[in-house]
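The block underneath contains the structure these notes are about, expressed in structure tokens.
The values are calculated or read from the model by the stated rules, or taken from the named source; none is laboratory data. Everything numeric in this text was worked out from a predicted model, so none of it was measured. We place every Cβ from the backbone using ideal geometry, glycine too, and count neighbours over all the protein chains shown.
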Amino acid sequence: MRLGAMLRAAHVPTLLSSAPSAACRTAAAGRGRCLALRVHAAKAKGFGTAASRVVDVPTVTKLEWQSPLQIAQYPDPCLRAINARIGVFDESLLRLAKEMIAIMYEDDGVGLAAPQVGVNVRLMVFNPDGREKPGAESILVNPEIVESVSLAGKELGQEGCLSFPKIYGDVERNREIIVKAQNEKGEPVRLHLTDPWIARIFQHEYDHLQGVLFFERMKPAMLETVRPQLVELEEAFVQQRPTVKVQRLAPPKISKGFGAVKK
Ligand code: CO
């Protein structure tokens, strides 16, 4: 497999050449509320009329998973579930992170978020280099985007995702961000990610924690280029697990040309 996170390690050299900065577009949450989740109107019954709302995230004090870990593929509902805040910093957390790192390398990924292995908690691991080297991995627990450094702007770059085998597309991301999180011991960490490649990895993984998938960040034309592959994954999943309810891709926005009214 390959990207638990986003980009394949093979793409690293290209992306490393970029420079830095920009604005947090966690569509998922209001600015500064990065630990809350956006819930679509359909689910947000009886709480305002806005298309989405922010909800509080529960905290877990026990981590449970099945070894060996397996990467969930789109459209597995675990990629859309709410990810709980982690309130336990013991040996189990480190073990889970290490298992995630192992499967990330196995699949040639540079990052992986816990929901991608079916564990719906706010944990991500990454190694922007993609090469296995002890100490090169970052483990971020309960990460939040503090600020996107707008001076550095945004840039388009190719991403893939371990949950979307063989699908790649350009996604716009902030080149530079400031994040805070906890390490595996529960100590607070604050990182200024000035390398656009690392900032990109973080934003991709952070999106996973918000239930947002990379194709949802693609511009419409780019999305159309990967639509057939996304639909193929959906069909395969539905066939394998017909009783599981999944969220499928919305139909394309078709421009009707002359005379069409834009809404
Ligand atoms: Co991903």
Subject >> Out of 166, 253, 245, 180, sole residue that is outside any helix (DSSP H, G or I), surrounded by fewer than 16 Cβ atoms within 10 Å (Cβ to Cβ) and either among the aliphatic types (A, V, I, L, M) or touching a strand residue (DSSP E or B) at 6+ places or on another chain (Cβ under 9 Å) (or both) >> reply: 166
Original post:
Out of the range 55-111, which residues are surrounded by 15 or more Cβ atoms within 10 Å (Cβ to Cβ), at pLDDT 95 or above and assigned to a strand (DSSP E or B)?
Top reply: 60, 84, 85, 86, 109, 111
**OP:** Considering (1) farther than 17 Å from residue 79 by Cβ; (2) out of contact with any helix residue (DSSP H, G or I) (no Cβ under 6 Å at 6 or more places or on another chain); (3) within 16 Å of the ligand (Cβ to nearest atom); (4) among the β-branched types (Val, Ile, Thr), say which one residue 178 fails and leave the rest.
**Re:** (3)
**OP:** Report yes if some residue within the range 127-136 is crowded, with 20+ Cβ neighbours inside 10 Å and not in a loop (DSSP other than H, G, I, E, B); otherwise report no.
**Re:** no
Subject >> Qualifying residue in the range 186-207 (condition: within 27 Å of residue 76 (Cβ to Cβ), surrounded by fewer than 22 Cβ atoms within 10 Å (Cβ to Cβ) and acidic (Asp, Glu)) >> reply: no
Subject >> Filter result (without any contact (Cβ under 8 Å) to a residue 12 or more places away in the chain and not aliphatic (A, V, I, L, M)) within the range 217-257 >> reply: 228, 232, 235, 239, 240, 241, 242, 243, 251, 255, 256, 257
**OP:** Collect the residues in the range 93-125 that are more than 13 Å from the chain's Cα centre (by Cα), within 18 Å of residue 76 (Cβ to Cβ) and among the hydrophobic types (A, V, I, L, M, F, W, C), keeping them in residue-number order.
**Re:** 100, 103, 104, 119
**OP:** Take the range 122-172 and flag every residue that is β-branched (Val, Ile, Thr), within 16 Å of the ligand (Cβ to nearest atom) and within 21 Å of residue 189 (Cα to Cα).
**Re:** 125
Original post:
If a residue has to be among the basic types (Lys, Arg) and in contact with a strand residue (DSSP E or B) (Cβ under 9 Å, 6 or more places away or on another chain) to count, how many in the range 79-93 make the cut?
Top reply: 1
**OP:** Answer yes if at least one residue in the range 94-107 is within 16 Å of the ligand (Cβ to nearest atom) and free of Cβ contacts under 8 Å to residues at least 60 places away in the same chain, and no otherwise.
**Re:** yes
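Inside the range 200-214, can you point out the residues that are farther than 15 Å from residue 83 by Cβ and either hydroxyl-bearing (Ser, Thr, Tyr) or more than 10 Å from the ligand (Cβ to nearest atom) (or both)?
Correct list: 200, 202, 203.
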Subject >> Pair list, Cβ < 7 Å and 6+ apart or interchain, from the range 158-178 residues that are free of Cβ contacts under 8 Å to residues at least 60 places away in the same chain to residues that are among the β-branched types (Val, Ile, Thr) and assigned to a loop (DSSP other than H, G, I, E, B) >> reply: 178/149
**OP:** Would you mind stating whether residue 118 is surrounded by fewer than 19 Cβ atoms within 10 Å (Cβ to Cβ) and within 19 Å of residue 198 (Cβ to Cβ)?
**Re:** no
